[in-house]
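Here's the structure, in structure tokens; my notes come after.
Read-outs throughout are calculated quantities, based only on the coordinates presented, and are distinct from any laboratory measurement. Quantities reported herein were computed from a predicted structural model and do not represent experimental measurements. Every residue, glycine as well, gets a Cβ built from its backbone with ideal geometry; the counts of neighbours run over all protein chains shown.
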Amino acid sequence: MTAPAKFVGRSVPRLEDRPLLLGQGRFAADISFPGQWCMRVLRSSVAHGKIKSIDATAALKLPGVHAVWTAQDVAHIPPIPFRLTGLKTLEPYRQPVLAKDIVRYVGEPVAVVFAQDQYAAEDAADLVEVGIEPLRATMLATEQPGVYEHGLTTEPGVVRKGYGDIEAAFRKAHAIVSLELSIGRHSGVPMETRGAVARYVEARDILEMHGASKVPHWNRDTLAQMFGRKRESVQLFEGHVGGGFGIRGELYPEDILVCAAALKFRKAIKWIEDRREHLIAANHSRQQTHKIRAAIDSDGRILAIDDEFFHDNGAYMRTHAATVPDLTAAMLPGPYVVPAYRAIGHIRLTNKTPCGTYRAPGRYESTFVRERLLDAIAAKISVDKVEIRRRNLIGKSAMPYTLGLETLGTHIVYDSGDYSRLLDKALAAADWKNLHQQLRARRANGEKVGAGVAMFVEKIGLGPFDTVRIEIIPDGTIEVITGVASIGQGVETVIAQICADALGVDYANIRVIHGQTDRIDKGMGAFASRVTVMCGEATRLAATQLRGKALRHASELMQLGVDKLDIVNGEIVRAGGLGPSMPLGELAGTLSAVLSAEDTFESAHMVYPYGVHIAVVCVDADTGAVKIERYAIAYDIGKAVNPKLVEGQIAGGLAQGVGGALLEEFLYDENGEPLSVTFADYLMPTAREIPAVSILVTEDAPSPLNPLGLKGAGEGGANPVGAAIASAIDDALGIPGAVTQLPISPQRLKAICRRI
Amino acid sequence: MSDKTAITLTINGHDHAIAVEPRRTLVDAIREDCGQTGTHIGCEHGICGACTVIVDGEPVRSCLMFAVQAAGKKIRTVEGLAKDDKLHPMQQAFMDHHGLQCGFCTPGFLMLAVGVLEREPDIGDDDLLDVLSSNLCRCTGYQNIIKAVRAAAKEMRGK
């Protein structure tokens with residue numbers, strides 16, 4: 001028997017908030033150890049070149065400077081391994097910890113300085129003289145592949161996905177629609193820059209790294225492997241994390257360097273990145289150019305989609321390897337019936353910052369491309385852009401829908417969904433009919449206003465497993481120990497809510513431990529919006545088991561059958577009424593063993609939430625500015641554990657999506673010099689640019705893959721924003737297909753307006 | 001560059017006698033020399049506002065001010081907002097309105113909003129939006145921050 005939900009489904013306040021509001025957070029830079037040394041990374045100022053000399057003589061003479069390392073000091077450390085989608089052919093392109101002989105992007109670590117404090121380390125780094133002979137920089141992923149080195153080309157691999165008879169579909173097509181579309185280079189850019197503090201604890205022979213995030217267990221295992229140590233002798237500790245968004249918490253050269261130096265010098269080594277470093281050295285993402293065409297019948301129904309794209313991965317293959325282009329190809333079909341499909345994704349290397357994932361990786365890109373294609377099909381056969389979507393949507397009766405593609409080691413099977421119903425709800429929420437009349441009237445008055453719509457399917461909750469252990473502490477606290485991580489999204493609250501209902505306690509008495517490799521042996525971390533789905537269900541399983549265990553123990557003590565007992569608000573009580581009661585903590589105190597339970601949730605499939613975004617914009621043709629007048633989102637999450645946090649995730653995703661659609665872009669000059677190196681050049685939205693958004697979270701299609709029906713919330717706010725805004729700008733200008741490139745910067749928009 | 005000057009920083013009413021190089025930023029001194037790590041560093045070029053503190057009643061970017069410039073002035077940081085166990089109305093409003101996710105930018109937003117509302121309790125909604133657009137947040141999409149600050153403004157005016 002399980003008590004009815006008291007916490008799941010309610011917008012209870014976050015357990016995380018109090019220390020953060022009091023200024024008592026423990027972010028990476030807040031961790032210090034006595035006698036620590038500070039590390040400063042000396043980075044290449046040349047995009048592509050041969051290292052001729054590195055002279056640290058003057059630097060080493062500065063007071064407070066302890067050591068300078070170059071590639072030869074870390075020659076024993078292998079390149080950083082792949083975490084996901086690691087094709088064998090990509091391995092020669094992995095990044096070395098420090099550049100040896102060749103530099104491949106501005107920002108590449110060339111040397112590191114260790115000094116008594118940050119100021120001394122930076123002074124010393126300025127004095128290290130690096131001689132680099134420049135080579136030609138490759139800046140375009142769309143040009144013919146060139147030489148990387150030793151018979152390797154700048155095309156490390158090609159992603160190929162598809163099904164059905166493409167050629168036949170194009171032969172019998174009523175019409176063919178072709179587009180060339182590009183997405184700019186963006187990144188997550190969390191407000192906390194990266195940082196890591198490593199120390200070697202001689203007394204216990206343990207290497208510790210503090211400031212871990214996202215995937216602490218994977219990183220622990222990998223660090224142990226790279227240093228040839230037992231995994232138990234490497235421990236990672238996650239403190240507070242100032243935003244993740246995909247890019248934070250992957251293993252980077254700097255993480256390896258602080259650990260190697262802690263082992264070598266037997267000192268705590270602290271590295272905190274500055275913002276310029278972050279913008280040129282942490283993972284970039286998204287830069288792609290697509291050449292896509294669709295074969296359609298006379299009603300605009302899709303017969304086939306054929307896409308060839310060029311993925312600019314920067315200078316190396318980092319931990320994500322082929323993940324982003326793979327997801328791009330796998331998720332491009334989205335919510336529509338596509339009878340035949342082919343995607344060819346060229347992974348190309350350039351002399352820019354290497355890439356990884358960024359919130360809705362591969363989907364921000366492919367949704368932009370697919371939804372532009374839908375708008376173009378609508379224009380081609382002169383039907384409304386909502387109607388063209390309706391005609392092509394996968395029906396509810398087709399669920400579960402096997403797409404016929406694989407990604408991240410799983411078959412893509414849309415688990416549940418009623419796409420047209422959500423479209424109806426979104427249109428109603430935006431008052432679409434009246435909205436169109438109003439916009440038409442305003443356009444007739446000379447205003448450039450328009451509305452856009454975009455639909456998408458998200459993928460959430462990559463397995464293969466998550467394990468949770470729950471302990472009842474004699475003081476009455478319930479401790480949930482997990483191998484997931486918190487990047488600010490509200491893990492502690494949501495997991496506590498699920499545990500509270502399954503166990504019968506108040507969620508505020510639950511302490512959720514995450515990101516500590518010394519507290520639980522295995523864990524998958526926080527990525528792919530997986531925590532609520534995977535860890536949530538593991539928590540429910542473990543809490544249910546623990547409830548049974550507690551009731552059995554109590555039954556002996558209280559001389560009552562288990563079926564006569566219940567757990568209510570942390571107390572064991574007689575079911576349904578009066579009589580003796582016993583707090584769970586007190587029960588735990590009477591036992592010789594810890595009162596605990598552990599369980600694992602395994603899942604071979606992801607779950608697939610979906611959504612609709614509607615944007616209304618006003619374009620100023622003189623300045624190229626776009627004002628978002630209204631924005632409406634409908635998103636089916638299966639089951640919302642904490643609706644307020646779900647809406648928070650969606651609203652935050654929208655802001656990042658708007659940044660990518662209108663403002664943010666990492667630009668380079670033709671020699672590979674990065675031009676977006678401060679917040680004055682890489683423009684992130686402020687409170688002025690982000691509109692009030694109406695968010696409709698529905699629970700029409702719970703996932704059949706877990707009992708609570710959970711899907712996830714992390715990425716649906718960002719996924720289709722570029723697509724929806726592009727569609728709205730087309731409408732405002734009265735030119736279908738006007739927007740072909742993100743971000744739609746003022747310069748680009750003015751250029752479009754000049755062509756009118 | 002290692003000549004140090006002895007100064008006293010007064011943070012949340014407590015004096016910290018420290019010795020700093022003239023080039024040391026106020027935020028580094030607050031965090032490293034005075035051990036108050038609630039004030040965060042987000043960009044070190046005065047744009048993101050994560051390091052906002054209140055100096056003699058004015059919200060300032062502590063990454064753009066030298067520690068020696070703040071000697072003898074009254075500095076207020078996030079650690080000084082709550083009274084004993086009771087959150088400041090601004091902190092409470094951020095919690096009530098889900099105005100924070102990762103919490104890294106939060107101390108800067110709290111000090112910015114408190115500093116402005118103490119000087120200008122009746123600030124209009126549009127001016128307040130202008131003020132809030134001077135700090136960056138990457139998690140929330142700002143709407144809940146705006147709601148929280150408006151709610152706290154009402155609460156602060158009521159006192």
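Label sites at A:Asp299 and A:Arg574, each approximated as a point 7 angstrom past Cα along Cα to Cβ, lie 6.7 nm apart. For the protein assembly as shown, the percent of C-alpha pairs falling in each 10 Å distance bin, counted from 0 to the bin holding the largest distance, reads 2, 12, 21, 25, 21, 13, 5, 1, 0.
Expressed in nm², what is the orientationally averaged projection area of the convex hull enclosing the Cα positions of region A:4-132? Present the calculation step by step, with values, prior to reporting the outcome.
Details: hull surface 56.0 nm².
Mean shadow area of the hull around the Cα atoms is 14.0 nm².
For chain A, what is the percent of antiparallel DSSP beta bridges, rounded to the nearest 5?
Values: 102 of 132 bridges.
Antiparallel bridges make up about 75 percent of those DSSP assigns within chain A.
Computed from Cα positions, the angle between helix B:143-157 and the longest principal axis of chain B comes to roughly 90 degrees. A viscosity of 0.890 mPa s and a temperature of 25 °C, combined with the Kirkwood radius over Cα pairs in Stokes-Einstein, give a translational diffusion coefficient for region B:46-131 of 180 µm²/s. Only loop residues by DSSP count here, and only those with at most 15 other Cβ atoms within 10 Å; note down the trypsin sites (Lys or Arg not before Pro) in region A:53-135 that meet that. Here the sparse-neighbourhood loop sites are A:Lys100. A convex hull fitted to the Cα coordinates of region B:1-79 yields 76 cubic angstrom per residue. Per the Debye formula on identical point scatterers at the alpha carbon atoms of region A:634-756, with no solvent, log10 I(q)/I(0) at q = 0.10, 0.16 Å⁻¹ is -0.43, -0.88.
Each label point was placed 7 Å from the Cα along the Cα-to-Cβ direction; for A:Val201 and B:His45 their separation is 4.0 nm.
For A:Glu133 and A:Glu699 in one chain, what is 0.36 nm times their gap in residues minus the Cα-Cα distance, to one decimal in nm?
On the way: separation 566, 0.36 × 566 = 203.76 nm, distance 5.94 nm.
Extra length available between A:Glu133 and A:Glu699 comes to 197.8 nm.
Over its Cα atoms, what ratio of radius of gyration to 2.2 N^0.38 Å does region A:308-443 give? Intermediate results must be reported in sequence, preceding the final value.
Working: Rg = 17.9 Å, N = 136, 2.2 N^0.38 = 14.2 Å.
Dividing the Cα radius of gyration by 2.2 N^0.38 Å gives 1.26.
Between the C-alpha center of region A:143-186 and that of region A:17-48 there is a gap of 41 Å. Spatial offset of region A:327-388 relative to region B:6-72 amounts to 47 Å, using the alpha carbon center of each. Using only the C-alpha atoms, the convex hull of region A:386-537 corresponds to 183 Å³ per residue.
Divide, for region B:89-157, the radius of gyration over alpha carbons by 2.2 N^0.38 Å, where N is the residue count.
Values: Rg = 10.6 Å, N = 69, 2.2 N^0.38 = 11.0 Å.
Rounded to two decimals, the normalised Rg is 0.96.
For chain A, the relative contact order is 16 percent, taking Cα pairs closer than 8 Å that sit 6 or more residues apart in sequence and dividing their mean separation by the residue count.
Which links in A:Lys522/A:Lys549; A:Lys627/A:Lys750; A:Lys50/A:Lys352; A:Lys549/A:Lys639; A:Lys230/A:Lys270; A:Lys50/A:Lys100 stretch past 18 Å when you go from one Cα to the other? Kindly include the intermediate steps, with their values, before the conclusion.
Values: A:Lys522/A:Lys549 23 Å; A:Lys627/A:Lys750 14 Å; A:Lys50/A:Lys352 16 Å; A:Lys549/A:Lys639 28 Å; A:Lys230/A:Lys270 23 Å; A:Lys50/A:Lys100 9 Å.
Beyond 18 Å between Cα atoms: A:Lys522/A:Lys549; A:Lys549/A:Lys639; A:Lys230/A:Lys270.
Subtracting the Cα-Cα distance of A:Ala5 and A:Asn671 from 0.36 nm times their residue separation leaves 233.8 nm of extension gain.
Using Cβ counts within 10 Å as a stand-in for footprinting exposure, how do A:Val8, A:Val677 rank, fewest first? Provide the component values of the computation, followed by the final result.
Working: A:Val8 23, A:Val677 19.
By the 10 Å Cβ count, ascending: A:Val677, A:Val8.
Distance from the Cα centroid of region A:578-614 to that of region A:710-756 is 44 Å (rounded to whole angstrom).
Taking R0 as 30 Å, what's the FRET efficiency between A:Leu408 and A:Glu180 from their Cβ-Cβ distance, rounded to 0.05?
On the way: r = 28 Å, r/R0 = 0.93.
That gives a FRET efficiency of 0.60.
Computed from the Cβ-Cβ distance with R0 of 35 Å, the FRET efficiency linking A:Arg229 to A:Arg26 stands at 0.85. Candidate membrane-span-like segments in chain A, meaning DSSP H helices with Cα atoms spread over at least 27 Å of their own axis and a Kyte-Doolittle mean of 1.6 or above, do not occur, with no membrane implied either way. In region A:388-444, the C-alpha radius of gyration followed by the widest Cα-Cα span (Dmax) gives 16.8, 52 angstrom. Scaled to the globular estimate 2.2 N^0.38 Å, the Cα spread of chain B, given as radius of gyration, is 1.03. Once both labels are positioned 7 Å from their Cα atoms along Cα-to-Cβ, the gap between A:Lys52 and A:Ala429 label points is 6.1 nm. Summarising the overall dimensions of region A:703-756 from its C-alpha atoms, the Rg and Dmax are 17.2, 56 angstrom.
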